[in-house]
Amino acid sequence: MKACMTGVAMIAALLLSTARAAEDNPLQLDAEAVKSTNIVVRKASARMLAEELRAPAQVRANAYASTLVTSRVEAQVVARRARLGDEVAAGQPLVELASIEVAQAQGDLIVGEQDWQRVQSLGLQAVSARRYFTAKVQRDQARSKLLAYGLTPGQLSALLKAGSASADGRFALYSPSKGRVTTDDFLVGERVAPGRTLLTVTDESSVWVEASVVPSDASRIDTGASARILVGGRELAGRVVQRAHTADETSRTVPVRIRVDNADDALHAGELVDARIAVGQARAVLAVPTEAVVLIKDSSFIFVPVGNDTFEPRAVKTGASRGGWTPVDDGLAVGAPYVASGAFELKARLLRSQLGEE
């Protein structure tokens, strides 16, 4: 390792000497240049970081926040009230249906309600107890049948207020919750059987990320462990909510489910992402912000101040980055100053000087 680091250190020295040949020192900045490049110098310190497992993963809809919108009775689609991708509110109409069975049940409810109101107004003194309770049960059964068909109490109230003219078998299916229409599988005019899924409404404020982990590593993952999801240059925090106890027969990997907050709609079902899952106990390691480490000639460097607003590159040996922090295994000591922010600008100044552009 010492021989490797010595070689990298020689690269650093060569870079700096080459740059100085182009000009006095491209890494000697005045106070104004330090301010404009947003250079921030900190002292190196230890942080608590856990080991991470890397695994390929796929975004899936949160099944606990998804609802299938189905017809509970044979019906015909007469109107579409929402389309694929629409954001809908709880109680918003999604599709309008018409059914002969519903029309019959609507008529039964109107008759039953009228009969019950008449019997109730007479009271038990004027009618037999059997007649009284039969009228009530028939009204309640007609009401329950319509509720079982998917009509809402509000729809039943509107039906009774409008009277027999509205008993045409038409009714709407409403969104059970706030969310987005993620599937839409029907045509207006189509006849649908009971249980047929017409739409799916999913609350996308959280999603599942299913990581595929080899069995030997899966046994090290605990429910509740923190995780990071890497997608499109972004990093999202998650937490393990479930680890399967059987391996997938095709891939021979164990699915690990990670719940990720998705309030900004960054993830969508079906996307492929990378997962980093914390395992074991966190331990103190010397670490710097990941942006403080730059690659020059395929080697890792940080910049350190050497006085009078002057900086120089220093070769370091790093570990895998975690949560925006990169462990430094060699090349930097606890308490030593380093450039925590602005390293990329210093790298650019160094490379431009080598090319004679400054």
Original post:
How far, in degrees from 0 to 90, does helix 343-354 lean away from the longest principal axis of the Cα atoms of the chain, to the nearest 10?
Top reply: 50 degrees
Original post:
Pairing the Cα long axis of helix 2-22 with the longest principal axis of the chain, what angle in degrees results, from 0 to 90 and rounded to the nearest 10?
Top reply: 80 degrees
Original post:
Got the relative contact order for the chain handy, in percent, Cα pairs under 8 Å and 6 or more residues apart?
Top reply: 28 percent
**OP:** Averaging sequence separations of C-alpha pairs under 8 Å and six or more residues apart, then dividing by the length of segment 166-211, give the relative contact order as a whole percent.
**Re:** 43 percent
Original post:
At 10 °C and 1.306 mPa s, what whole-number value in µm²/s does Stokes-Einstein give for the translational diffusion of segment 154-271, with Rh from the Kirkwood sum over Cα pairs?
Top reply: 87 µm²/s
Subject >> Rg(Cα) / (2.2 N^0.38 Å) computed for segment 226-273, rounded to two decimals >> reply: 1.28
**OP:** Averaging sequence separations of C-alpha pairs under 8 Å and six or more residues apart, then dividing by the length of segment 100-168, give the relative contact order as a whole percent.
**Re:** 47 percent
Subject >> Within straight-line cross-link reach of Lys178, lysines at Cα separation under 27 Å, skipping those fewer than 8 residues along the same chain >> reply: Lys145
Subject >> Sorted peptide list for 309-320, 242-253, 180-191, criterion being average Cβ within 10 angstrom, highest first >> reply: 309-320, 180-191, 242-253
Subject >> Percent of alpha-carbon pairs separated by more than 37 Å within the chain >> reply: 52 percent
Original post:
Using alpha-carbon positions, what is the distance between the centroids of segment 192-229 and segment 271-315, in Å?
Top reply: 32 Å
Original post:
At 25 °C and 0.890 mPa s, what whole-number value in µm²/s does Stokes-Einstein give for the translational diffusion of segment 100-168, with Rh from the Kirkwood sum over Cα pairs?
Top reply: 200 µm²/s
Subject >> Most fluctuating residue given options Val201, Val209, Val285, as computed from a GNM of the chain linking Cα atoms under 10 Å >> reply: Val285
Original post:
Hey, in the GNM for the chain with a 10 angstrom Cα cutoff, which one of Gln155, Gln120, Gln76 fluctuates hardest?
Top reply: Gln120
**OP:** In a Gaussian network model over the chain where Cα atoms closer than 10 Å are linked, find which of Ala148, Ala343, Ala50 has the largest mean-square fluctuation.
**Re:** Ala148
**OP:** Using only Cα atoms, find the angle between the long axis of helix 129-148 and the longest principal axis of the chain, and express it within 0 to 90 degrees, rounded to the nearest 10.
**Re:** 30 degrees
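Coordinate-derived values only; no laboratory data. Given the structure is predicted, the values throughout are model-derived calculations rather than measurements. FYI the Cβ positions are ideal-geometry reconstructions off the backbone, even for glycines, and counts take in every protein chain you see.
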